[in-house]
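Everything on this sheet refers to the single structure shown next.
The values are calculated or read from the model by the stated rules, or taken from the named source; none is laboratory data. Because the structure is predicted, anything quoted here is derived from the model rather than measured. When we count neighbours, we look across all protein chains shown, and the Cβ atoms used for this are built from the backbone with ideal geometry, even at glycine.
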Amino acid sequence: MPRIAAPTVQEHHERVLAALIDAAETIMRSGGPGALTAAAVSREVGIARNSLYSYVRSVDELRGLVLTRHLPPWLAAVDAAVAGRDDARERLLAWARGNLDQAARSGHGWLMGIAREGALPEQLRRELADVHAGSDAVTGAWRELLGPGRPADLALLVAMTHQLVDAGFARLDAGDDAGAVTEGVLAALAAVIDARVGPDR
């Protein structure tokens, strides 16, 4: 039986898996998603390559576990930023700020690069889509601002909101100052809101 470095086999398994996820993140942050291979992560952790598959089924699964570490906290932080705000205008601005804050903390381009590199579980793909689409938060806030009915420009305004935040993601990925990027995106979004419904809504 292999020697374990923990009081129980389960704890040993959890420790090694955590070390594998740490190593995978380190490798991808420094070398890009393509640098993650079974050989590279096994070497980083100090286990035999074939032992890797006692902890994960594939390198894609390991990539997904790294994403799982970052995406749920991202989405929870954005939800928390929006929660409790009765004013729809403030919810839109909080949603944009929350996403940009998380992109600055976690590295949007790095996370999206992981997602593009290989197969991911469907749940993770939905969570990635939520980062960009804003789930129902953006649409709901715009509906409230625009009033009853279904204004013809609802879809356009929702798309513009997403695109402004995506532009902020791109500038953060390019290395621009996070504070300046956030300020610029929020000013642009506020201008769109004010132009459509007025500054007092």
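Quick grid of which residues meet (1) out of contact with any Leu (no Cβ under 7 Å at 6 or more places or on another chain); (2) among the aliphatic types (A, V, I, L, M); (3) more than 30 Å from Ala137 (Cβ to Cβ):
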position	(1), (2), (3)
Arg29	yes, no, no
Ser42	no, no, yes
Ala48	yes, yes, yes
Ser58	yes, no, yes
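I'm trying to understand the selection: among the residues of the range 139-169, which are assigned to a loop (DSSP other than H, G, I, E, B) and either in contact (Cβ under 8 Å) with a residue 24 or more places away in the chain or under 23 Å from Gln102 (Cα atoms) (or both)? Steps first, please.
To start, the set of residues in the range 139-169 that are assigned to a loop (DSSP other than H, G, I, E, B) comprises 147-153.
Answer for the range 139-169, where residues must be assigned to a loop (DSSP other than H, G, I, E, B) and either in contact (Cβ under 8 Å) with a residue 24 or more places away in the chain or under 23 Å from Gln102 (Cα atoms) (or both): just Asp153.
State yes or no: is Leu172 in a helix (DSSP H, G or I), modelled with pLDDT of 90 or more, of a type outside the set (Ser, Thr, Tyr) and closer than 22 Å to Asp87 by Cα? Give the derivation first.
Numbers: in a helix (DSSP H, G or I): yes; modelled with pLDDT of 90 or more: yes; of a type outside the set (Ser, Thr, Tyr): yes; closer than 22 Å to Asp87 by Cα: no.
Taking the combined requirement at face value, the residue does not satisfy it.
Only one of Val66, Val56 is aliphatic (A, V, I, L, M), surrounded by 15 or more Cβ atoms within 10 Å (Cβ to Cβ) and in a loop (DSSP other than H, G, I, E, B). Can you tell me which? Spell out how you get there, then give the answer.
Values: Val66 fails: in a loop (DSSP other than H, G, I, E, B).
Unique residue meeting the criteria: Val56.
I'm checking my understanding of the structure. Among residues of the range 87-143 that are touching a Leu at 6+ places or on another chain (Cβ under 9 Å) and of a type in the set (Lys, Arg), which one is modelled with the lowest pLDDT?
The residue in question is Arg143.
Go through the range 36-50 and report how many residues are in contact (Cβ under 8 Å) with a residue 12 or more places away in the chain and either surrounded by fewer than 18 Cβ atoms within 10 Å (Cβ to Cβ) or closer than 18 Å to Gly64 by Cβ (or both).
We begin by selecting, within the range 36-50, every residue in contact (Cβ under 8 Å) with a residue 12 or more places away in the chain; these are 36-38, 40-41, 44-45, 47.
From what's left, either surrounded by fewer than 18 Cβ atoms within 10 Å (Cβ to Cβ) or closer than 18 Å to Gly64 by Cβ (or both): 36-38, 40-41, 44-45.
Looking only at that region, the number is 7.
Criterion first (surrounded by fewer than 20 Cβ atoms within 10 Å (Cβ to Cβ) and over 24 Å from Arg125 (Cα atoms)) does Thr8 satisfy it?
Values: surrounded by fewer than 20 Cβ atoms within 10 Å (Cβ to Cβ): yes; over 24 Å from Arg125 (Cα atoms): yes.
Taking the combined requirement at face value, the residue satisfies it.
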